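Every number in this text was worked out from the coordinates using simple rules, so none of it is lab data. Just so it is clear, the structure is predicted and the values come from calculations on it, not from any experiment. Quick reminder, even Gly has a Cβ in these numbers, built from the backbone with ideal geometry, and neighbours come from all protein chains shown.
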Amino acid sequence: MRLFIDYTLSGVSSGMIYAAVALGLVLIWRSTRILNFAQGGMAMITTYIASALLEHSVGYWAAFAVALLAGLALGAATERLLIRPVEGRSPVDAVIVAIGFLIFLEALAGAIWGASPRGFPAPFSQVDYLVGGRAIAFTPFDLFVVLAVLALMGVMLLLFRFTEVGLRMRASAFAPEVARLLGVRVNRMLTLGWALATMAGALAGLFVAPAVFLSPNYMDSILIYGFTAAIVGGLESPLGSLVGGLVIGLAISYVGGYLGSAFEGAGALGLLVVVLMVRPSGLFSRVQARRV
Amino acid sequence: MRAARRLGALLRWPSQPLLRHLAFAVLAGIACYGLSVSVSDFANSEIATVALFAVAIAGLSMLTGGTGQLSLGHGALMAVGAYAYAELELHNPHVPLSVGLLVAVGAAAVAGGVLGVAAARLRGPYLAGVTLALALVAPQLADHFFNSDQGIPVGLTPPASVESNHWLAWIALTCALVIFVLLANLRRSRFYRSFTAVRDDEIAASLAGISVARTQILAFVLSAACAGLAGALLAIADLGATSGLFPLTLSVQLVAGMVIGGIGSLVGAVWGAVLVVYIPIWLDDIVNSPSSTLAANLPQAVFGLLIVLVILLVPGGIQGALRRGITVARGRIARAGKPGRAPTTSPGAGDTVTEVASMDGG
């Protein structure tokens, strides 16, 4: 029982990180029908930027902000330069471009910062809370992660529901032609979507790094977990990615805890395949017609 | 006169696809043998690597170019072939090489079939995600089940008079030629046409009586079988099946080779294999400081950049660009030959016809 509680707690905190990754994937999928497999690589780059700033004795919060801004810029640039040319082509082309970009970014990071893992600080203590005199697998940093991701989700929700920009973004995602006729600059909205999505990824990158060391491919498996979370949540709704993230976080925590960490990836893969076979459009989706 | 004509008929390039492909394979085999004996033993290990990459890339290219399914996990299928071969050899050291390779092909085909059943239900990006997950998970599982990262040793005993890498190259080249003849024939068959029918429009294909799911699974099995053979050859070349041989970057390298050579083209798979093997070697020579982090990461950076640039700028890859070049040249020659007609015919129409004709051959 004690173990179970610990696994549950660590599942919740890592689930929130997967939810942030899933949110990044969902934002892009909704507007451009592209799964951005380069997202992990982009988050890795922004986290390395933060790490480089920290080495030059910049404060944590300044580095944190710079990493998020770098995510915005990187996302916008990627959409403009790499994704727009393949828009309207076969979806396979966009996937190949994203994968090519991913390994390019990983090699770039390896060339600049070296392949050996480096530590990354957490802004809050990583010592377990004590409940009734015994340590539980939940730290102040975990609490911060949970709150930060919830805040991110809340801001996104407010943005989409209650602001004019959010309305424009939703319009260009769901009916680009009509939106264009109504005077929405659809292309600009797509760029903004990519920027916000990459920023969500960058946030996840900053939160993962203190637990595992920072290395060029440290986000690879996180991306897969985030992808699984997005699929479980249905790829369409930001709220779905939150639930999906929690489901995956808990599932992986239990699998890793009870079966051994070698099976974490396999567990995610199995869950992914099962969800795709049983409910290909996720747990929270309506029935969709396929266009002839 | 009649004798001369008969001789001419005999020497003419055969019109039956199978005969033509076999004749081509014999010529290519002779050329490869000539190349192999005229270069060093070390260069022969590079030739063997090119041959096994050509097999894997050709298999992947038939899948993506055929049914339009993109797999980012073919490195994992190569691992299946490699570990199957190594396990078999570990427990039965006297099994002939050909049997071992066939077992590797069979094991990978079964794995590909299982994956194909899942793949047949998944649209493009979903499939890419699942296979990407597989490529990441496979090395971890291999480590867990097969003697951690030490892996399983594989031996190769060449005949007494042959140097080991020469022998390896001959085996790999023979496998590659056999696979290429089979795939070249497949491309001219009803099966492959049903592949492309499924790729272009699943609903139209199923209305025409093609079972979409069965076709996609078949394509996956075929492609996985090629990957399994390549994986077994890689294990033989590296004297063991170890998880370090099959990282995610291997799968991406296969995609790179396919994209650079030209998706769906067999000749393109050869171009791709040559570049995938030799670009790192050339870069090493250029940078000339093996310990620096730049040198360690340069090949991967170049592959990533090439994938992106080729898709954005030359979507047909090398083979597509060559074909277009040949078509343009032919059109010029034809127009130069008939100056009176040139202005009246629309160049676009003529180009399309020649393009279709030349695509048949590639």
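General remarks:
- Value of Rg to Rh for the stretch B:1-150 (Rh from inverse mean 1/r over Cα pairs, i.e. Kirkwood): 1.10
- For the protein assembly as shown, the equivalent ellipsoid derived from the Cα gyration tensor has semi-axes of 45, 31, 23 Å, listed largest first.
- Computed from the alpha carbon positions, the gyration tensor of the stretch A:108-233 leads to an equivalent ellipsoid with semi-axes of 35, 21, 12 Å, biggest first.
- Helices in chain B, meaning DSSP H runs of at least 4 residues, each add -39500 (n - 2.57). Divided by all residues, the mean residue ellipticity at 222 nm is -26500 deg cm²/dmol.
- Percentage of interatomic Cα-Cα distances in chain A larger than 34 Å: 18 percent
- Square roots of five times the Cα gyration tensor eigenvalues for the stretch A:219-277, Å: 19, 11, 10
- Which of B:C32, B:C175 has the fewest Cβ neighbours within 10 Å, and the rest in rising order: B:C32, B:C175
- Over the stretch A:72-176: Kirkwood hydrodynamic radius from C-alpha pairwise inverse distances, Å: 18.3 Å
- Translational D in µm²/s for the stretch A:170-227 (Stokes-Einstein at 37 °C, 0.692 mPa s, Kirkwood Rh from C-alpha pairs): 243 µm²/s
- Our coupling estimate for the stretch A:83-95, obtained by passing each phi through the Karplus curve with A = 6.51, B = -1.76, C = 1.60 and θ = phi - 60°, is 8, 4, x, 9, 4, x, 8, 4, x, 4, 4, 5, 4 Hz, Gly and Pro reported as x.
- The 3J(HN,Hα) values that the Karplus relation (6.51, -1.76, 1.60; θ = phi - 60°) gives for the stretch B:301-309 are, in residue order, 4, 5, 4, x, 4, 5, 4, 4, 5 Hz. Gly and Pro appear as x.
- Normalised alpha carbon radius of gyration of the stretch B:114-207 [divisor 2.2 N^0.38 Å]: 1.62
- Label-point separation in nm, A:F124 to B:V212, each point 7 Å along Cα→Cβ: 4.8 nm
- Ratio of the Cα radius of gyration of the stretch B:31-104 to 2.2 N^0.38 Å, where N counts its residues: 1.36
- Residues whose amide H lies under 5 Å from that of A:L35, counting only those 5 or more places away or on a different chain, are absent; hydrogens are built 1.01 Å from N in the peptide plane.
- Close amide H partners of B:A241, meaning residues 5 or more places away or on another chain with modelled amide H under 5 Å apart, are B:I152, B:V154.
- Vicinal HN-Hα couplings computed from phi for the stretch B:144-154 (Karplus, 6.51 cos²θ - 1.76 cosθ + 1.60; Hz; Gly/Pro x): 6, 9, 10, 6, 6, 7, 6, x, 10, x, 10
- The calculated 222 nm mean residue ellipticity attributable to helices in chain A amounts to -24000 deg cm²/dmol, summing -39500 (n - 2.57) over DSSP H runs of n ≥ 4 and dividing by all residues.
- Residues A:Y225, A:Y258 arranged by fewest to most Cβ contacts within 10 Å: A:Y258, A:Y225
- The relative contact order of chain B comes to 28 percent, based on Cα pairs under 8 Å that sit 6 or more residues apart.
- Counting only Cβ charges, +1 for Lys and Arg and -1 for Asp and Glu, the dipole size of chain A around its Cα centre is about 960 debye.
- Over the C-alpha atoms of the stretch B:15-315, the Rg to Rh ratio, Rh being the Kirkwood estimate, stands at 0.96.
- Among B:S161, B:S45, the ranking by other beta carbons within 10 Å of each residue's beta carbon, starting with the fewest, stands as B:S161, B:S45.
- Peptides ranked, highest mean first, by Cβ atoms within 10 Å: ranges A:5-16, A:227-238: A:227-238, A:5-16
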